Structures are given as structure tokens and as C-alpha cells.
Amino acid sequence: MSPYLPEQYWDERLRRHFDLRGTGHLEHGGYYNSWLYRAKVRGVRAALRLAGLDVRGAAVLDAGCGTGFFIERYERWGAAYVAGVDLSPTSVQRLRSRFPSVPFWQADIASGIPTAEEFDLVQALDVLYHLPDESFPKALTHLARRCRAGGILLVSDWLHGTRAVAPHVTFRSRQAYAEVLIGVGVQIVGEVPLYRFLNRSGWGRWGGIGRLATPISDLAAPLWYVMDRVALNGRSANLSLLVGRRVS
């Protein structure tokens, strides 16, 4: 098995799939991933309410901006200033063309974020659990330091424990985050569960039925979206948002 090289992996993935599939579930198509991203939007809105942050007029940094899904959303929601950083050169090149007034930086956030600006909201969804252990605390520290005093940090992870589930995925516990954040003046506000059903592997659920797996999962996606709304709690979630506030 080839070693996991994050920049190479994500740039190749986005060159092949510069769409929701590229940043969502590769095994599913665009329709399924559109429901996955609806759930992300629902979770982010809930997290912003929990934090008491109105993004209208706010400055927002989207770390791991990917295909620009949330860049577009925050502009639509009235943010005064939006910026993005991504490891993938393909992402940054394409987004600079699509959003000419938005600053984008190509960087490994474990090595630093190439701006001294501070933001009302720093978001890193589906980013930190893709980092190797040696990069995780460095990246989280750099993200936290880009929050202004009183600013909000929003990240996603499993949060129930620490476990590696793939070469490019290591889930980490809330405690692992707390141990880093306390040193950079960020207080955890709470958690918002994202999914239980939508984020599961379709092949695992429909194993053995081959080509039918994707269309069946597509048909079920709206139902799973609703189930994740009515039957989801922190203990059952397989991915959650962690909300922090910089207090010093």
C-alpha cells in the first residue's frame, strides 16, 4: 500500500472530481452527496446558533475550502469577508477563478496559515481527521490562532474516541481537541451531531448487490436525511461539529 501523502491525495482527488463527490463520499454520486451537504448546512446553522454568532457582517475563514461549497454559502448568508485556504493547488487555482474577490491560499495548515488576519469564524470541516497524528495539534493550533478574541472555531470529527479507520482518516476524541485548545485560549462551547445514517458506507449497507448499490442509496438519501434530523443524538452520531470560542 502506498503511503498517505495528503497534498498528492487530495489534489488528485479534486482533479478527478471537482464537485461534492470529491469532498464528500467518493462511492456515491452527486445526488447522494447533495443530501450529505444539506445535512452539513443544517449542522453548521445549528452550531452557529449554539455559538450565538450571526454571520451577517462577519469575517469567515474556510479551511479546507475544497470546491468552494461553503465559500458560496457564507457569501449568500451575508458574511462581509470570506477567505479560504486549502492544501490542494487545484482547489485554490479553480476557486480563485470562480471567486475573484475572495482571497485563497494554498497551504498545509499544519505548517501555518499564510495570513495574519483574525476572523469571527474559522471553519474546518472534514479536515482535521484527515491529518496524521504529528500534524493534528499543529494544524488545530494555527486554526485557533486565526480566531479573534470572542471568535468561533468550528471543526468536525467523531469525538467519541481516537481510532484510525483508513490510511487517510484518523478520528479523534473531544478530549484530544480540548488538550490542544486549552493551550491557545479556546473554550469548547458544545457539540452538534451531524449524521448517523447519511455518513455510513453505502457498500457496507448494500453489500453484494453490485451496481444497484448507488441507485438504492440515492433513493434512500432523503429518508436518511430525515432520520438524521429526528433520531440523531451525540452518542449515536458518527460525525459531529465541535464548537469553540476563543476567550484569550
Query raised in the report: So which residues in region 156-172 are modelled with pLDDT under 95, touching a helix residue (DSSP H, G or I) at 6+ places or on another chain (Cβ under 8 Å) and β-branched (Val, Ile, Thr), if there are any at all?
Result: 162, 169
**Report entry** Residue check for residue 137: surrounded by fewer than 23 Cβ atoms within 10 Å (Cβ to Cβ), without any contact (Cβ under 8 Å) to a residue 60 or more places away in the chain and more than 17 Å from the chain's Cα centre (by Cα)
**Finding:** no
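From the list 143, 121, 128, 153, pick out the single residue that is at pLDDT 95 or above, surrounded by 21 or more Cβ atoms within 10 Å (Cβ to Cβ) and touching an Asp or Glu at 6+ places or on another chain (Cβ under 8 Å).
Just a single option satisfies the conditions, and that option is 128.
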Requested in this report: Quick one: count up the residues across region 3-25 that are part of a loop (DSSP other than H, G, I, E, B), over 15 Å from the mean Cα position of the chain (by Cα) and either among the small types (Gly, Ala, Ser) or more than 13 Å from residue 66 (Cβ to Cβ) (or both).
Outcome: 3
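Hey, among the residues in region 56-114 that are assigned to a helix (DSSP H, G or I) and aromatic (Phe, Trp, Tyr), which one's surrounded by the fewest Cβ atoms within 10 Å (Cβ to Cβ)?
Keep residues of region 56-114 that are assigned to a helix (DSSP H, G or I), which gives 69-76, 89-98.
Adding the requirement that they be aromatic (Phe, Trp, Tyr) leaves 69-70, 74.
On the way: 69: 18, 70: 22, 74: 24.
Here the answer is 69.
The values are calculated or read from the model by the stated rules, or taken from the named source; none is laboratory data. Worth saying up front: this structure is predicted, and the values here are computed from it rather than measured. Cβ atoms come from the backbone with ideal geometry, glycine included; neighbour counts cover every protein chain shown.
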